[in-house]
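Asker: Below you'll find the structure I mean.
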Amino acid sequence: MSAAADQHIDVRTITEAEYTDWLKAVHAGFLRPPVVSAEDAAGRLAHTDVSRVRGAFEGGRCVATFRSFAQELTAPGGAALAVSAVTGVTVTATHRRRGLLTRMMTAELSAAKERGEVASTLIAAEYPIYGRYGYGPAAGFAEWEIDTGRTGLDPRWARPDDGARIDLVDPAEAGKVGAEVFERFRAAQPGAVSRDRRWWDLATGAAHRDGWTEPFFAVYRTADGEAAGLAAYTADETWSDAKLPENTAKVRQLIATDPRAERALWHYLCSIDWIRRVRTGYRAPDALLPLYLPNPRAARIITQSDFLWLRLLDVAAALEMRTYAAEGELVLEVHDAAGLASGRFLLAAAATGARCTPTTRSAELSLDVGELATLYLGDESAVRLLALGRVVEAREGAAARMDALFRTDRRPWCPDMF
């Protein structure tokens, strides 16, 4: 079909009356049964800003979907960036390669910039899709499987030895305590994104969710009684032919505000009767977890991948909102095919804060807006990108200076799928 003919497909913001059909199209796009109950649709709609939901319609049928919502992203240094989170992106197989995603994405990025959101985030189901829209992979993850019998831990001792304690709590308390712990956690974790009350309602079963299985919730409390960590996990029921337990615990989430709390929660999970393996869920790629165990080889990586993708919309604002590992200046030439974030910028980083302003000075390093997004949270090296030909050095040593400025002590991590 020609591009001109494709303009007859109506790409627009949906109405509330179209939401159920839109949701069915989302399910079909993600290969879920395209059935939506009235209760599910009503529950989701009550927490959805329909003005940020787009669809493509042909003959009254929804053939592509797209949604965004307001989110906060933690930058290095702890600043919370106002960003637009993109989710629910699908194009029906019968309507691919017709520019529908491009039309929806173009409208959203322009609207996000108009709203004053400095960037856009998403979780990419497939790697090749979003780079063409200026996104870059900005934070990855790793998942471990722990063989509990090889950790070197005493399986009979699950209690912290510093006067702290671990309590199993009900979902209501987990939602309250977890929200408080998470707010402290995300303020110190670059790459973390905000969770609203709805997130916790879904995670604890307070809100309706098809196929919900209630997990166990374990809270770590310091010797002073302050909650500093939360783990949520499920366990299967598997026994060998010799009538021996071979159960696996699967961690849905584990957050902690300091290493002592995190260590205690992992030790607890590895000491539960009948549990032979612990699947950690998606963790930071440089997680301390293996080294919490006397025998780190008991934990093996089973999955490692990119996860959070970032698209800068206001380069100057974004660069001013993060902190830097050194003082110095750098002139960046940023290219953006969409024209939303192009420009030449002078970044001046100092202990008192950073300034980033348009400049006419000669560029020292040139790069695409997607490459800058990849570097923004500190998870990638400009020197590595230079070796790959993905940045261009106009002044020798500029990539190394950028790495010295953008370096972070720990890699960024986004714990949440959205």
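The values are calculated or read from the model by the stated rules, or taken from the named source; none is laboratory data. All values reported here derive from a predicted model rather than from experimental measurement. Positions of Cβ are backbone-derived with ideal geometry, glycine not excepted, and every protein chain shown enters the neighbour counts. The area values use the complete protein model at the heavy-atom level, side chains included, leaving out ligands, DNA and RNA. Shrake-Rupley method; radii C 1.70, N 1.55, O 1.52, S 1.80 Å.
Asker: What length, rounded to one decimal in nm, is gained on full extension from residue 10 through to residue 394, with 0.36 nm per residue of separation minus their alpha-carbon distance?
Answerer: Full extension from residue 10 to residue 394 adds 133.7 nm.
Asker: For segment 198-342, which whole-number percentage of the solvent-accessible area (1.4 Å probe, protein heavy atoms only) is attributable to carbon and sulfur atoms? All intermediate terms of the calculation are to be shown ahead of the outcome.
Answerer: Values: 3180 of 6710 Å².
Carbon-and-sulfur percentage of accessible area, whole number: 47.
Asker: By its C-alpha gyration tensor, with a ≥ b ≥ c as the square roots of the eigenvalues, how is segment 1-86 shaped: rounded for a/c under 1.5, else prolate for a/b larger than b/c, else oblate?
Answerer: The shape class here is oblate.
Asker: With all distinct Cα pairs included, what does the Kirkwood hydrodynamic radius of segment 1-151 come out to in Å, to one decimal, could you say? Can you show the working numbers first?
Answerer: Details: mean 1/r = 0.0582 Å⁻¹.
Hydrodynamic radius (Kirkwood, Cα only) of segment 1-151 equals 17.2 Å.
Asker: Can you pull out the trypsin sites (Lys or Arg not before Pro) in segment 59-128 that DSSP calls coil and that have at most 13 other Cβ atoms within 10 Å? If you can, show how the numbers build up before the last one.
Answerer: Working: sites: 61, 67, 96, 97, 98, 103, 113, 115; in loops: 96, 97, 98.
Passing both the DSSP loop test and the Cβ count: 96, 97.
Asker: Can you tell me how segment 314-418 classifies by the Cα gyration tensor, rounded, prolate or oblate, using a/c under 1.5 as the rounded cut?
Answerer: Details: a/c = 1.24, a/b = 1.16, b/c = 1.07.
Rounded, because the longest to shortest axis ratio a/c is under 1.5.
Asker: Please report, as a whole percent, how much of the solvent-accessible surface of segment 19-171 comes from carbon and sulfur atoms (probe radius 1.4 Å).
Answerer: Values: 3640 of 7160 Å².
C and S atoms contribute 51 percent here.
Asker: DSSP loop (so not H, G, I, E, B), at most 12 other Cβ within 10 Å: list which chymotrypsin sites (Phe, Trp or Tyr not before Pro) in segment 157-207 pass both filters.
Answerer: Values: sites: 157, 182, 185, 199, 200; in loops: 157.
Answer in residue order: 157.
Asker: Regarding the chain, what are the three Cα extents along the principal axes, ordered largest first, in Å?
Answerer: 66, 57, 39
Asker: Give me the extension gain from residue 132 to residue 197: residue separation times 0.36 nm, minus the current Cα-Cα distance, reported in nm with one decimal.
Answerer: My answer for the length gained is 20.0 nm.
Asker: For residue 161, put the label point 7 Å out on the Cα→Cβ axis and report which residues of segment 231-264 keep their amide N under 13 Å from it.
Answerer: Flagged as within label range: 264.
Asker: Would you kindly state the longest site-free stretch of the chain, with sites defined as GluC sites (Glu not before Pro) in a DSSP loop (not H, G, I, E, B) surrounded by at most 16 other Cβ atoms within 10 Å?
Answerer: After excluding every exposed loop site, the longest remaining stretch is 1-125.
Asker: Can you tell me how much longer the chain between residue 38 and residue 288 gets when fully stretched, taken as 0.36 nm per residue apart minus their C-alpha distance, in nm with one decimal?
Answerer: Length difference between fully extended and current span is 85.6 nm.
Asker: Using all Cα-Cα distances in segment 109-210, what percent lands in each 5 angstrom bin from 0 up to the longest?
Answerer: Pairs per bin, as whole percents: 2, 8, 11, 12, 16, 18, 15, 8, 5, 4, 2, 0.
Asker: Highest GNM mean-square fluctuation, the chain, Cα pairs closer than 10 Å: which of 74, 204, 238?
Answerer: Its mean-square fluctuation being the largest, the pick is 238.
Asker: Still on this structure: Would you mind counting up the charge near residue 333? Only other residues with Cβ under 13 Å from its Cβ, with Lys and Arg at +1 and Asp and Glu at -1.
Answerer: -2
Asker: So what's Rg/Rh here for segment 297-351, counting alpha carbon atoms and using the Kirkwood radius for Rh?
Answerer: 1.18
Asker: Using DSSP to call loops (not H, G, I, E or B), can you name the trypsin sites (Lys or Arg not before Pro) in segment 308-367 whose Cβ has at most 16 other Cβ atoms within 10 angstrom? Before the final figure, lay out the partial values.
Answerer: Values: sites: 311, 322, 344, 355, 361; in loops: 322, 361.
Taking segment 308-367 and a limit of 16 other Cβ atoms within 10 Å, the loop trypsin sites (Lys or Arg not before Pro) found are 361.
Asker: Enter the accessible area per residue of segment 106-264 (Å², integer; probe 1.4 Å; all protein chains in place). Walk me through the intermediate numbers first.
Answerer: Details: 7860 Å² over 159 residues.
Here the per-residue accessible area is 49 Å².
Asker: Could you work out the helix-only [θ] at 222 nm for the chain, with each DSSP H run of four or more residues adding -39,500 (n - 2.57) and the total divided by the number of residues, to the nearest 500 deg cm²/dmol?
Answerer: -7500 deg cm²/dmol
Asker: Could I ask something else about it? Please state the Cα pair-distance histogram of segment 200-320 with 5 angstrom bins from zero: what percent is in each bin?
Answerer: Computed distribution, short to long bins: 2, 9, 15, 17, 17, 15, 11, 7, 4, 1, 1, 0, 0.
Asker: Let a ≥ b ≥ c be the square roots of the eigenvalues of the Cα gyration tensor of segment 192-268; is it rounded (a/c under 1.5), or, if not, prolate (a/b larger than b/c) or oblate?
Answerer: Oblate.
Asker: Can I ask one more? Could you give the size of the charge dipole of segment 23-137 about its Cα centre, using +1 on the Cβ of each K and R and -1 on the Cβ of each D and E, expressed in debye and rounded to the nearest 20?
Answerer: Working: 14 positive and 9 negative charges, 97 e Å.
Dipole size: approximately 460 debye.
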